[in-house]
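Encoded as structure tokens, the structure appears first; notes follow it.
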Amino acid sequence: MRLALVSDIHGNLAALEAVMQDIERRQVHQVVNLGDTLSGPLLPMETAQRLSTLPWLHVAGNHERQVLHLPLPRQNPSDAYTSGQLAETDKAWLASHADPCDPRLHQATMWPDRLGSDVALCHGSPRSDIEYLLETPVGEEARLATPAEIEERLDGRIPPHIGLLACGHTHVPRSVELAGLLIVNPGSVGLPAYDDDHPYPLSRYHRIETGSPHARYAVVEKHNGRWICDLISVPYDHESMALLADQRDRPDWAYALRTGHMPRG
């Protein structure tokens, strides 16, 4: 079983196309999208239409929830732009994505018929779509979470037979093994840096930066009974998307797309 994991596309169609081309040559059995698919000032409608015909498995992220369920005046600029661009058919497709934080599930989403019986998926952590699982903000930066922090955020929601947990949300490509469980964040396809104060409001903000404009995803494969991970960076025409962000009056996005960093000052 070889799976491609993508996450946090954020309406970046150029990055998505580059990743899809790279995936095609790797002969994967299934592609899994871990959420935050459309939100941003780029090409949300076009990205939805590109993805809606593909046999991918989709998990809802926090931005799916915000676009679909927050009143427009309460949406941030990226979500509000996306809401205004999407047709009702696009919103219906977005609403069909599995919600791993639905209280009726009590655990990360699993598709044993499509992924095998030892794979679980979430967007943030198994208990919240805005909680970081593998990162911990400290001041204006973020560090790798400690094993104790990760264990606390798993909250006993991952059954012991699960060998692979895939998550997204923080945009940081990373794989961590914890007591026989491989946790993989493939990084962000479409946004290599951002700053935020959620879900840590006591801090003014923190930065997440990957340091380059590449599109990122992961391929995982079960080998000799254990999951192994390949974190992949793909170059693409990021300048075309940065120019689009400039046109939408989003210099923060433009800088992130060009550099993989956030502007200082």
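Where a number appears in this text, it was derived from the coordinates with a stated rule and is not lab data. Keep in mind that what you see is a predicted model, and the values were worked out from it rather than measured. Every residue, glycine among them, receives a Cβ derived from its backbone with ideal geometry; neighbour counts consider all protein chains shown.
The figures follow:
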read-out	value
Residue-averaged 222 nm ellipticity for the chain, from DSSP H runs of 4+ at -39500 (n - 2.57), nearest 500	-8000 deg cm²/dmol
Fraction in percent of alpha-carbon pairs per bin - 10 Å, segment 3-82	19, 51, 24, 6, 0
Computed label-point distance, nm, for sites SER96 and THR53 using a 7 Å Cα→Cβ extension	1.4 nm
Rg to Rh, two decimals, where segment 128-257 supplies the alpha carbon set and Rh follows Kirkwood	1.01
Ordering of 25-38, 60-73, 237-250 by burial proxy (mean other Cβ atoms within 10 Å per residue, highest first)	25-38, 60-73, 237-250
In nm, spacing of pseudo-spin labels at HIS198 and HIS29 (7 Å Cα→C-beta vector)	3.5 nm
Top positive-direction residue, dipole computed over the chain with Cβ charges, set GLY156, VAL119, ASN33	VAL119
Tilt relative to the chain, helix 238-247 - C-alpha long axis, 0 to 90 degrees, to 10	50 degrees
Relative frequency of Cα-Cα separations exceeding 24 Å in the chain, percent	43 percent
Size of electric dipole in the chain: Cβ of Lys, Arg +1 and of Asp, Glu -1, about Cα centre, debye, nearest 20	340 debye
Local electrostatic count at ASP36 - Lys and Arg +1, Asp and Glu -1, tallied over other residues with Cβ under 11 Å	-3
Stretchable slack from GLU221 to GLN21, in nm (0.36 nm times residue separation minus alpha-carbon distance)	70.1 nm
Relative packing of peptides 185-194, 126-135, 47-56 - highest average C-beta neighbours within 10 Å first	185-194, 126-135, 47-56
Charge context of ALA245, other residues only, Cβ under 12 angstrom, K/R +1, D/E -1	-1
Convex hull volume per residue in cubic angstrom - Cα atoms of segment 127-176	88 Å³
12 Å beta-carbon shell around SER125, net charge (K/R +1, D/E -1)	-4
Protection proxy ranking of 167-174, 15-22 - average other beta-carbon atoms within 10 Å, highest first	167-174, 15-22
